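> Quick one: the structure is below, and I'll ask about it shortly.
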Amino acid sequence: METTTTNDTIVIEAAPRQETSFLFDLDGTLVDSVYQHVLAWREALETEGIDLSVWRIHRKIGMSGGLFTNMLLRETGLELDQQRIERLQRLHADAYKRNRSNIGPLPGARALLTALTDAGIPWAIATSGRLETAGPVLETLGIDLSRTPIVTRDQVKYAKPEPDLFLAAALRLGVGIETASVVGDSVWDMLAARRARALGIGLLSGGYGLEELERAGAYRVYEDPADLLKHLDEVGGRR
């Protein structure tokens with residue numbers, strides 16, 4: 001950065017402005033699917049004879065499957081071998097697929113992504129879901145899956161609240177993670193954003209509250225993608 005003075009006016013010649021980019025979570029952020037995941041996990045657990053309240057399941061949606069399993073161990077006192085864990089994951093995936101027809105984009109999701117594309121602002125999707133369950137849901141957004149950078153749980157070693165998903169998404173876009181904004185609906189998204197050194201933008205459309213998201217690191221919180229689109233200029237989303 002250079003500073004010069006002309007006729008008592010200070011002129012600051014700044015370095016080139018860093019490009020803004022957005023890294024989106026999927027479930028509860030772009031598509032209305034959080035409660036389908038909750039009920040699918042509830043069905044899977046009941047099939048295995050494990051009793052766990054729905055609200056406790058909801059609080060863990062968005063974290064990695066490994067952490068979800070650790071939560072089960074803590075809150076039920078059960079010992080789960082690897083075979084049973086894999087069976088639970090399969091039961092969850094099957095139950096989720098049966099209700100997939102009821103899942104669609106959240107209000108404003110398509111318009112938000114279109115607006116970013118039209119403005120030339122880079123964006124990507126990073127989800128802790130595996131491609132098996134995330135793929136068909138992504139199609140409801142009407143995006144070109146062959147051109148859109150998408151990172152799923154299958155492609156990274158660790159999921160949220162580890163930063164790997166968002167770091168990989170930034171790498172796919174070819175942008176610096178420090179210039180990116182992570183948009184998510186859960187505290188796990190915001191914690192992962194902080195650990196990645198990105199800005200966090202929270203949405204209320206996944207069931208977490210304003211104060212929870214702010215405590216986890218969100219510097220702005222909006223109702224849903226439609227509300228974010230209305231305030232896009234507040235988070236650097238303009239050209």
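The values are calculated or read from the model by the stated rules, or taken from the named source; none is laboratory data. None of the values given here were measured: they were computed from a predicted structure. As a convention, Cβ positions derive from the backbone with ideal geometry for all residues, glycine included, and neighbour counts pool all protein chains shown.
> Output the helices (runs of 4 or more DSSP H) that fall wholly within region 40-111 and possess 2 or more residues being touching a residue at least 60 places away in the same chain (Cβ under 8 Å), of a type outside the set (Asp, Glu) and under 20 Å from residue 153 (Cβ atoms), or say none.
Counting at least 2 such residues, we get 65-76.
> Let me ask another. Hey, among 113, 80, 106, which residue is over 19 Å from residue 38 (Cα atoms), surrounded by 14 or more Cβ atoms within 10 Å (Cβ to Cβ) and modelled with pLDDT of 95 or more?
One residue alone meets the criteria, 113.
> May I ask you to verify whether residue 114 is over 28 Å from residue 95 (Cβ atoms) and in the same structural domain as residue 198 (by TED's automatic domain parsing)?
Details: over 28 Å from residue 95 (Cβ atoms): yes; in the same structural domain as residue 198 (by TED's automatic domain parsing): yes.
For residue 114, the condition - over 28 Å from residue 95 (Cβ atoms) and in the same structural domain as residue 198 (by TED's automatic domain parsing) - is met.
> For region 106-132, what are the residues that are within 13 Å of the chain's Cα centre (by Cα) and within 18 Å of residue 236 (Cβ to Cβ)?
123, 124
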